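First the structure, in the form of structure tokens, and then the observations on it.
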Amino acid sequence: MIYDCVIVGGGIAGLQAAIQLGRYQHKIVVIDSNNGRSNFCLAYHNILGWPNGVSGGFLRRVGRDQAEDLGVEFVQNKVMSIENQENNFVCTVKDGKEIVGKRLLLATGIMDRLPSFPEIYPCLGVSVFVCPDCDGYEVRNEKTIVIGSGDVGANMALTLSYWTNEIMYINHEKKEVSEQKQIQLRSKKIIYHEETIDTFMAKGSQFKGVVLKDGTKIECEYAFVALGGNEVRSQLASKLGVELHANKHILTDSRTKMTNIKHVWAAGDIVAHSEQVTIAMGEGSQAAIWIHKSLLSDE
């Protein structure tokens, strides 16, 4: 079996591309390890048509159902390597099986680095956030804790000062904060603690605050996480010779979303741009349109 296109990654971008390509009636397979960041977000609030929020899990479920109704196949596995062989792309998954496609779409995304508190996961997208562009609005005029590391956390706190004047930055990993950032934090009256968090307090999906190692208890209902060091899942792309930005995200043609490697496309958070669900959807569709055009040219 040689598929018209193999999509690596079944998150928002990969699913949107699969739906579009399925509607073109191409033979499509999505390989997904079910370990994307959209699995963890319980509510996206900035998507057209969902003013009260929609979970990443819901979008993934309905997206897969929609794609399967169009004949798209799904393989739950992890791609370990990809080789370009005689104009086809051979994807070898964890169990050794090879899946081959004429075209390749990389929608492997990124994964946020979060503090190691299991209580944080039910809160993600509800009372604990990672993206100020997505969810800064949710904490407007509210007391907010930034759980961060060094200058990365300081930048998050400064960004959130657009939305609220009640910000506390906890430098959880005690990494150095530059003198310039310290001056900026003071100018915005952002309270600063350089101390490790001992206890993450939550009741279900509602964040309740933290207890620091020194015993200080801080009660609060909203938090942002900014530890830095997110995993950019571009390793497969790099081994194929795909050109990457300095931050390891994939560079694509702005019109077609194709990479510098012929017949290899990329879409979603793995691409060098703002990491937004709505952008991922658009890029998935755009990539699919040009994948379709390229398949037509073969005929």
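The values are calculated or read from the model by the stated rules, or taken from the named source; none is laboratory data. All figures in this text were calculated on a predicted structure; none of them were measured in a lab. Cβ atoms come from the backbone with ideal geometry, glycine included; neighbour counts cover every protein chain shown. Ligands, DNA and RNA are excluded from the accessible area calculation, which covers all protein heavy atoms including side chains. Shrake-Rupley method; radii C 1.70, N 1.55, O 1.52, S 1.80 Å.
What to note about this one:
- Qualifying residue in region 144-152 (condition: in contact with a Ser or Thr (Cβ under 8 Å, 6 or more places away or on another chain), closer than 13 Å to ILE190 by Cα and buried (at least 18 other Cβ atoms within 10 Å of the Cβ)): yes
- Looking only at region 56-76, residues that are under 19 Å from the mean Cα position of the chain (by Cα) and open to solvent by less than 30 Å² (accessible area, probe 1.4 Å) come to 5 in all.
- Test: residue in region 11-32 that is without any contact (Cβ under 8 Å) to a residue 60 or more places away in the chain and assigned to a loop (DSSP other than H, G, I, E, B): yes
- Screening region 286-299 for residues that are surrounded by 20 or more Cβ atoms within 10 Å (Cβ to Cβ) and of a type in the set (Gly, Ala, Ser) and picking the one that is nearest to TYR3 (Cα to Cα) gives ALA288.
- The residues on offer are ASP135, ASP112, and the sole one that is acidic (Asp, Glu), in contact with a strand residue (DSSP E or B) (Cβ under 6 Å, 6 or more places away or on another chain) and buried (at least 16 other Cβ atoms within 10 Å of the Cβ) is ASP135.
- Set LYS102, LYS78, LYS94: member being in contact with a Cys (Cβ under 9 Å, 6 or more places away or on another chain) and charged (D, E, K, R): LYS102
- If you go through region 33-57 and keep only what is without any contact (Cβ under 8 Å) to a residue 60 or more places away in the chain and within 22 Å of LEU114 (Cα to Cα), you end up with SER33, ASN34, ASN39, VAL54, GLY57.
- Selection status of GLY228, under 23 Å from LEU114 (Cβ atoms), open to solvent by less than 60 Å² (accessible area, probe 1.4 Å) and modelled with pLDDT of 95 or more: yes
- Selected residue (only one of GLU275, GLU283 is under 17 Å from the mean Cα position of the chain (by Cα), in a helix (DSSP H, G or I), buried (at least 19 other Cβ atoms within 10 Å of the Cβ) and charged (D, E, K, R)): GLU283
- The set of residues in region 90-109 that are surrounded by fewer than 21 Cβ atoms within 10 Å (Cβ to Cβ) and among the basic types (Lys, Arg) comprises LYS94, LYS97, LYS102.
- Test for PRO122: is it more than 18 Å from VAL29 (Cβ to Cβ), loosely packed, with under 15 Cβ neighbours inside 10 Å and either at pLDDT 95 or above or in contact with a strand residue (DSSP E or B) (Cβ under 6 Å, 6 or more places away or on another chain) (or both): no
- If you check LYS257, LYS239, LYS213 for being modelled with pLDDT of 95 or more, closer than 29 Å to ASN35 by Cα and surrounded by fewer than 14 Cβ atoms within 10 Å (Cβ to Cβ), only one passes: LYS239.
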